[in-house]
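Below is one structure, written out as structure tokens, with a few remarks after it.
None of the figures in this text is laboratory data; all of them are computed from the coordinates on show. A quick note: this is a predicted structure, and the numbers were derived from the prediction, not measured. Cβ placement follows ideal geometry from the backbone for every residue including glycine, while neighbour counts extend to all protein chains displayed.
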Amino acid sequence: MAAVDEGYASVPVDGWTQMVVYRKDLFDANGLAAPDSYANVLAAIEKLHNPPEIYGFVAATKIDEGFMSQVLEHVFLANGVSPVDENGFKPLDEETTTQVLEFYKAIAKASPPGELYWKQSRELYFAGKAAMIIWSPFILDELAGLRDSAPPTINDDPTSTALAAATGIVQNFQDHLTLMELHGLMSIILV
């Protein structure tokens, strides 16, 4: 923080970003668009979700783990939902907030059962059992087989770049569906 005439000001020194990490090879083989929107994620889940061989998504579901907050925040921001604006705190828009929560229920339903957080998300993706996850860029060195403590296990070579080569990254995940469009897409997935 730094003092200014009006009081105190702060300058961010870093930020926490998230991205959608996905099996580009599976998407390409099935003619699927990159998972850069709610609709594309749900279409991919419909096509790829085949547990226990592969889960359409691994969403964080352990509510007392910080990872869930990070993933959920990414999904909220993708739909334009934020508790702040240029004037400070603002009430959440009910329609867009409901869209986010309905979408999150759909990706959680396409996830393995249980309380999931960063560990299961990474392990399942690295084992080739997840089509999509949301993670920070911290996964990139591990994905490339550069960290002994968290190697990809999709094959027997912990230094293999095979999974990295089969992976796509979406940095700009965003969506603004109407509630009716979201319910229509979810009805396909949840049946």
Once you have the Cα-Cα distance between ASP85 and ALA29, take 0.36 nm times their residue separation minus that, and quote the gain in nm to one decimal.
16.0 nm
The range 60-181 shape via C-alpha gyration tensor axes, a/c threshold 1.5:
prolate
Which distance in nm do the two modelled labels at LYS109 and ASN155 give, with both placed 7 Å along the Cα-to-Cβ direction?
3.6
I'd like the FRET efficiency for ALA166 and LYS119, computed as 1/(1 + (r/R0)^6) with the beta carbon distance as r and R0 of 25 Å, rounded to 0.05.
0.70
For THR167, list long-range residues whose amide hydrogen, built 1.01 Å from N in the peptide plane, is under 5 Å from its own amide hydrogen.
LYS24
For the range 40-48, 3J(HN,Hα) per residue [Karplus equation, 6.51 cos²θ - 1.76 cosθ + 1.60, θ = phi - 60°, Hz, x = Gly/Pro]
5, 5, 5, 5, 5, 4, 4, 7, 9
For ASN79, enumerate residues with amide H under 5 Å from its amide H, sequence gap 5+ or separate chain, H modeled in the peptide plane.
ASP175
Mind running the shape call on the range 1-127? Use the C-alpha gyration tensor, a ≥ b ≥ c as the square roots of the eigenvalues: rounded below 1.5 for a/c, prolate if a/b tops b/c, oblate otherwise.
prolate
With the 8 Å Cα cutoff and a minimum separation of six or more residues, the range 16-190 has a relative contact order in percent of 37
Please list, by residue number, every one of the GluC sites (Glu not before Pro) in the range 50-119 that is coil in DSSP and has at most 13 other beta-carbon atoms within 10 Å.
GLU53, GLU86, GLU115
The range 16-190, dipole about Cα centre (Lys/Arg Cβ +1, Asp/Glu Cβ -1), debye to the nearest 20:
340
Excluding same-chain residues fewer than 8 positions from LYS24, which lysines have a Cα within less than 26 Å of its Cα?
LYS47, LYS105, LYS109, LYS119, LYS129
